[in-house]
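The next block holds one structure in the form of structure tokens; read it before the comments.
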Amino acid sequence: MRLAVGFNPVFSARDGIHLSTKAEAAGFDSLWMHESLFQRDTVTYLASMALSTMRIRLGSGIINTFTRHPVTTAATFGSLSELSGGRVILGLGLGSFPTIPLIGHQIFPVEKTRPLRRLKEYIQVVQQVWSGGKIDFDGEFFKVHNLQMGFKLPSPVPIYVASLSPKTLEYAATVADGLILSPALNTVWGTERMVEHVRRGESLSGRTPERASYMLASVDKDPARAAQAVKDYYFFDYQLAEVVRPEVLLPYGLSEERLAPMKEAWRKGDVPLAKRSIPDEAVEVLTLTGTPDHVKERISQYVKAGVTLPVIMPIGDVDFAIQSLAPASR
């Protein structure tokens, strides 16, 4: 089984160098870095990791379509491809719902903002820049005229699209090299539903893109300690309160009523109470939590659901997680 590893930008780029060399030595397929408006820049991580590794692929998970113009992104990832010897992956997506509006970009209602149209144009511009010819593009969101990139890509840069939208997943399966099915949390049932949309796009195009998926992982010899690390992780609390769709939890007996105390505490800003109100079942079905053997079994469930590249997002004892899940040791 191929495995990747992914991280939020909560540590320094120097610490990222340590993690990338450790992940490469452990035999992971690739390493992915989240983008953030209020933490650190993913391109800085990818550049430093490219110089510190030799084989592991390096991906953005994800660059959003608001903060970087597609021409800038094309030039940046073309440069990263040179630097890494062709190991970089461009992960693209709409971006963070809570933070994008803070810099003046409206996301909802989608009937007005048309995120799928924005994404289509973004990919078209990037691909045209990389083709090497002069661009004459006049879109609804992006306009580029009489521009040509001044260097040739050493090798094609794969594009992976991240989305929770059925329409976007179906579209991305027709044009992208891969898809990212989850920003960190999803159930096996929810993953199966997303894969169904991807397969519709595959049937239209005859293509079979990679299906990557972030999976928050807390690996520990003590299952209770592993579960508590998840509940204490702010990103998990935020995702459960504001991002995870209720329907993906219903098959596991987690109704909105069960989650209401947690979400109410979160809305009031009482984070400690929100953490204490998280049902244990939510941790189990949304994350990879427990002993190494249990986590490996959980990974296999997502693979059976259609994920071809699990992206393990370790928290807690990160070094132990990388060591205990290392593909090289299997």
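The values are calculated or read from the model by the stated rules, or taken from the named source; none is laboratory data. A quick note: this is a predicted structure, and the numbers were derived from the prediction, not measured. Don't worry about glycine lacking a Cβ; one is built from the backbone with ideal geometry, like all the others, and counts go over all protein chains shown.
Do the conditions hold for Tyr171, that is, is it over 19 Å from Ser30 (Cβ atoms) and among the aromatic types (Phe, Trp, Tyr)? So Tyr171 passes the test. In summary, Ser182 fulfils each of the numbered conditions (1) among the small types (Gly, Ala, Ser); (2) part of a helix (DSSP H, G or I); (3) crowded, with 20+ Cβ neighbours inside 10 Å with the single exception of condition (2). Val244 meets the conditions (1) assigned to a loop (DSSP other than H, G, I, E, B); (2) surrounded by fewer than 17 Cβ atoms within 10 Å (Cβ to Cβ) in every case but one. The failed one is (2).
Can you tell me which residue among Pro327, Pro310, Pro251, Pro272 is over 23 Å from Ala241 (Cβ atoms) and surrounded by fewer than 19 Cβ atoms within 10 Å (Cβ to Cβ)? If you could, list the steps in order and put the result at the bottom.
On the way: Pro310 fails: surrounded by fewer than 19 Cβ atoms within 10 Å (Cβ to Cβ); Pro251 fails: over 23 Å from Ala241 (Cβ atoms); Pro272 fails: over 23 Å from Ala241 (Cβ atoms).
Pro327 is the lone residue from the list that is over 23 Å from Ala241 (Cβ atoms) and surrounded by fewer than 19 Cβ atoms within 10 Å (Cβ to Cβ).
If you check Leu116, Leu102, which single one turns out to be under 19 Å from Leu164 (Cβ atoms) and either surrounded by 13 or more Cβ atoms within 10 Å (Cβ to Cβ) or of a type in the set (A, V, I, L, M) (or both)? If you could, list the steps in order and put the result at the bottom.
Values: Leu102 fails: under 19 Å from Leu164 (Cβ atoms).
Sole residue among the options that is under 19 Å from Leu164 (Cβ atoms) and either surrounded by 13 or more Cβ atoms within 10 Å (Cβ to Cβ) or of a type in the set (A, V, I, L, M) (or both): Leu116.
From the list Leu153, Leu119, Leu58, Leu92, the lone residue that is closer than 24 Å to Gly178 by Cα, in contact with a helix residue (DSSP H, G or I) (Cβ under 9 Å, 6 or more places away or on another chain) and in a loop (DSSP other than H, G, I, E, B) is Leu153. Within segment 3-57, the set of residues being modelled with pLDDT under 95 and basic (Lys, Arg) comprises just one member, Arg40. Phe66 - would you say it is surrounded by fewer than 16 Cβ atoms within 10 Å (Cβ to Cβ), assigned to a loop (DSSP other than H, G, I, E, B) and out of contact with any strand residue (DSSP E or B) (no Cβ under 7 Å at 6 or more places or on another chain)? Here the answer is no, as Phe66 does not meet what is asked.
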